[in-house]
Amino acid sequence: MADMGKYQGKVVVITGASSGFGRGTALELAERGALVVLAARSAETIKDPARECEAAGGQALSVPTEVCDRSAVESPTRQAIARFGHIDAWINNPGVAARSLSTTTSRSSGRTYSARSTGAASP
(Lines give C-alpha, C1' and ligand atoms only; values in the text may rest on other atoms or scores of the structure.)
Protein backbone atom coordinates (compact mmCIF):
# COMPACT_ATOMS: atom_id res chain seq x y z
CA MET A 1 0.00 0.00 0.00
CA ALA A 2 1.23 3.44 -0.85
CA ASP A 3 0.30 4.99 2.51
CA MET A 4 1.83 2.31 4.78
CA GLY A 5 4.50 4.68 6.14
CA LYS A 6 1.89 7.28 7.01
CA TYR A 7 0.68 5.19 9.98
CA GLN A 8 3.97 3.61 11.05
CA GLY A 9 4.60 4.38 14.73
CA LYS A 10 1.52 6.56 15.11
CA VAL A 11 -0.32 6.11 18.42
CA VAL A 12 -4.08 5.90 17.95
CA VAL A 13 -6.66 5.50 20.73
CA ILE A 14 -9.90 3.88 19.55
CA THR A 15 -12.99 3.76 21.74
CA GLY A 16 -15.53 1.05 20.99
CA ALA A 17 -12.68 -1.16 19.80
CA SER A 18 -14.23 -4.46 20.82
CA SER A 19 -16.41 -4.89 17.72
CA GLY A 20 -17.63 -3.46 14.46
CA PHE A 21 -16.08 -0.30 13.09
CA GLY A 22 -13.75 0.17 16.07
CA ARG A 23 -12.37 -3.35 15.88
CA GLY A 24 -11.91 -3.17 12.11
CA THR A 25 -10.23 0.21 12.33
CA ALA A 26 -7.85 -1.01 15.03
CA LEU A 27 -6.86 -4.03 12.95
CA GLU A 28 -6.39 -2.00 9.78
CA LEU A 29 -4.22 0.57 11.57
CA ALA A 30 -2.17 -2.16 13.29
CA GLU A 31 -1.55 -3.81 9.92
CA ARG A 32 -0.22 -0.44 8.70
CA GLY A 33 2.18 -0.11 11.63
CA ALA A 34 0.19 2.03 14.05
CA LEU A 35 0.40 1.50 17.80
CA VAL A 36 -3.23 1.04 18.79
CA VAL A 37 -4.84 1.64 22.16
CA LEU A 38 -8.06 -0.34 22.32
CA ALA A 39 -10.68 1.08 24.66
CA ALA A 40 -13.97 -0.67 25.42
CA ARG A 41 -16.20 -1.27 28.43
CA SER A 42 -15.07 -4.81 29.08
CA ALA A 43 -11.52 -6.10 29.46
CA GLU A 44 -12.75 -9.46 28.20
CA THR A 45 -14.16 -8.12 24.93
CA ILE A 46 -10.96 -6.35 23.88
CA LYS A 47 -8.64 -9.31 24.42
CA ASP A 48 -9.31 -10.88 21.02
CA PRO A 49 -9.06 -7.63 19.01
CA ALA A 50 -5.75 -6.88 20.77
CA ARG A 51 -4.41 -10.34 19.88
CA GLU A 52 -5.55 -9.86 16.28
CA CYS A 53 -3.74 -6.53 16.07
CA GLU A 54 -0.55 -8.05 17.42
CA ALA A 55 -0.85 -11.06 15.11
CA ALA A 56 -1.08 -8.57 12.23
CA GLY A 57 2.29 -7.18 13.27
CA GLY A 58 1.15 -4.20 15.31
CA GLN A 59 1.37 -3.30 18.95
CA ALA A 60 -1.82 -3.09 20.99
CA LEU A 61 -2.65 -1.83 24.44
CA SER A 62 -6.04 -2.83 25.87
CA VAL A 63 -7.66 -0.43 28.32
CA PRO A 64 -11.11 -1.19 29.78
CA THR A 65 -12.94 2.14 29.59
CA GLU A 66 -16.48 3.25 30.37
CA VAL A 67 -16.81 6.24 28.04
CA CYS A 68 -19.87 7.55 29.89
CA ASP A 69 -17.60 8.21 32.90
CA ARG A 70 -15.35 11.16 32.12
CA SER A 71 -12.76 10.20 34.72
CA ALA A 72 -12.56 6.69 33.22
CA VAL A 73 -11.78 8.19 29.80
CA GLU A 74 -8.58 9.59 31.29
CA SER A 75 -7.26 6.04 31.72
CA PRO A 76 -6.51 5.31 28.05
CA THR A 77 -4.88 8.72 27.81
CA ARG A 78 -2.58 8.08 30.78
CA GLN A 79 -1.79 4.51 29.75
CA ALA A 80 -1.09 5.41 26.12
CA ILE A 81 1.31 8.15 27.14
CA ALA A 82 2.97 5.92 29.74
CA ARG A 83 3.57 3.15 27.19
CA PHE A 84 4.09 5.02 23.92
CA GLY A 85 5.02 8.55 25.05
CA HIS A 86 2.29 10.43 23.19
CA ILE A 87 -1.01 10.18 21.30
CA ASP A 88 -1.28 11.09 17.62
CA ALA A 89 -4.99 10.48 17.07
CA TRP A 90 -8.15 9.61 18.97
CA ILE A 91 -11.08 7.88 17.27
CA ASN A 92 -14.33 8.13 19.23
CA ASN A 93 -16.52 5.21 18.37
CA PRO A 94 -18.66 4.40 21.40
CA GLY A 95 -21.48 2.05 20.60
CA VAL A 96 -24.44 1.30 22.81
CA ALA A 97 -27.68 0.17 21.26
CA ALA A 98 -30.85 -1.60 22.16
CA ARG A 99 -31.45 -4.86 20.33
CA SER A 100 -35.08 -4.08 19.63
CA LEU A 101 -37.19 -0.95 19.65
CA SER A 102 -39.93 -2.89 21.42
CA THR A 103 -37.60 -3.60 24.36
CA THR A 104 -35.95 -0.20 24.52
CA THR A 105 -36.38 1.46 27.89
CA SER A 106 -35.83 5.04 28.89
CA ARG A 107 -32.72 3.86 30.78
CA SER A 108 -31.17 2.21 27.70
CA SER A 109 -32.09 5.21 25.57
CA GLY A 110 -30.40 7.48 28.09
CA ARG A 111 -27.29 5.30 28.09
CA THR A 112 -27.12 5.38 24.30
CA TYR A 113 -27.43 9.17 24.32
CA SER A 114 -24.79 9.48 27.02
CA ALA A 115 -22.29 7.26 25.19
CA ARG A 116 -22.80 9.07 21.91
CA SER A 117 -22.68 12.60 23.30
CA THR A 118 -20.98 12.99 26.67
CA GLY A 119 -18.90 9.84 26.23
CA ALA A 120 -17.44 11.02 22.98
CA ALA A 121 -15.56 13.82 24.73
CA SER A 122 -11.96 12.77 25.17
CA PRO A 123 -9.72 14.50 27.71
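The values are calculated or read from the model by the stated rules, or taken from the named source; none is laboratory data. As the structure is a computational prediction, the values presented were derived from the model and not from experiment.
Within the stretch 33-80, restricting attention to residues that are assigned to a helix (DSSP H, G or I) and under 11 Å from the mean Cα position of the chain (by Cα), the residue that is modelled with the lowest pLDDT is Val73.
Here the condition is being modelled with pLDDT under 90, in a helix (DSSP H, G or I) and among the charged types (D, E, K, R); of Arg107, Arg83, it holds for Arg107 alone.
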